[in-house]
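Okay, so here's the structure we're looking at.
The values are calculated or read from the model by the stated rules, or taken from the named source; none is laboratory data. Every value quoted in this text rests on a predicted model; they were computed, and no experiment measured them. A quick note on method: Cβ atoms are made from the backbone with ideal geometry, for glycine too, and the neighbour counts reach across all protein chains shown. Remember, those area values only see protein heavy atoms, side chains included, never the ligands or the DNA or RNA. Shrake-Rupley method; radii C 1.70, N 1.55, O 1.52, S 1.80 Å.
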Amino acid sequence: MAIGNVIEQRGFVHIYDEKNRQIGSIPVGSGAKDGLKGYTSKTVNIQKGGFIHTHDEKGRLISSRPA
């Protein structure tokens, strides 16, 4: 299943498939730089504090690296 769209709203990043069905949701931090940084058809990148977290289409954490 591919990611079709990703929206940050009210403290969460919501992940949608190509048919606009929500397939995942990830909470984001409250820092000034926290939030959605980008996405591809397979991954979503979110900054929380000093780290960039990469998640799959279901919102599961794949990896983390320093921002």
For a quick check of your reading of the filter: which trypsin sites (Lys or Arg not before Pro) in the chain sit in a DSSP loop and have no more than 16 other Cβ atoms within 10 Å? ARG10, LYS19, ARG21, LYS33, LYS42, LYS58, ARG60
Between PHE51 and residues 5 or more places away or on another chain, the pairs with built amide H atoms under 5 Å apart involve ALA67
Share of carbon and sulfur in the accessible heavy-atom surface of the chain [1.4 Å probe, %]: 51 percent
Excluding same-chain residues fewer than 8 positions from LYS19, which lysines have a Cα within less than 22 Å of its Cα? LYS42, LYS58
Assuming a viscosity of 0.890 mPa s and a temperature of 25 °C, what translational diffusion coefficient in µm² per second does Stokes-Einstein assign to the chain, Rh being the Kirkwood radius over Cα pairs? 212 µm²/s
With a 1.4 Å probe and all protein chains left in place, how much accessible area per residue does the chain have, in Å²? 61 Å²
SER30 to GLU18: extension gain in nm, 0.36 nm per residue of separation minus the Cα-Cα distance? 1.5 nm
Taking θ as phi - 60°, what are the ³J(HN,Hα) couplings along the stretch 38-54 by the Karplus curve (6.51, -1.76, 1.60), each to the nearest whole Hz, with x for Gly and Pro? x, 8, 10, 6, 10, 9, 10, 10, 10, 8, 10, x, x, 10, 9, 9, 9
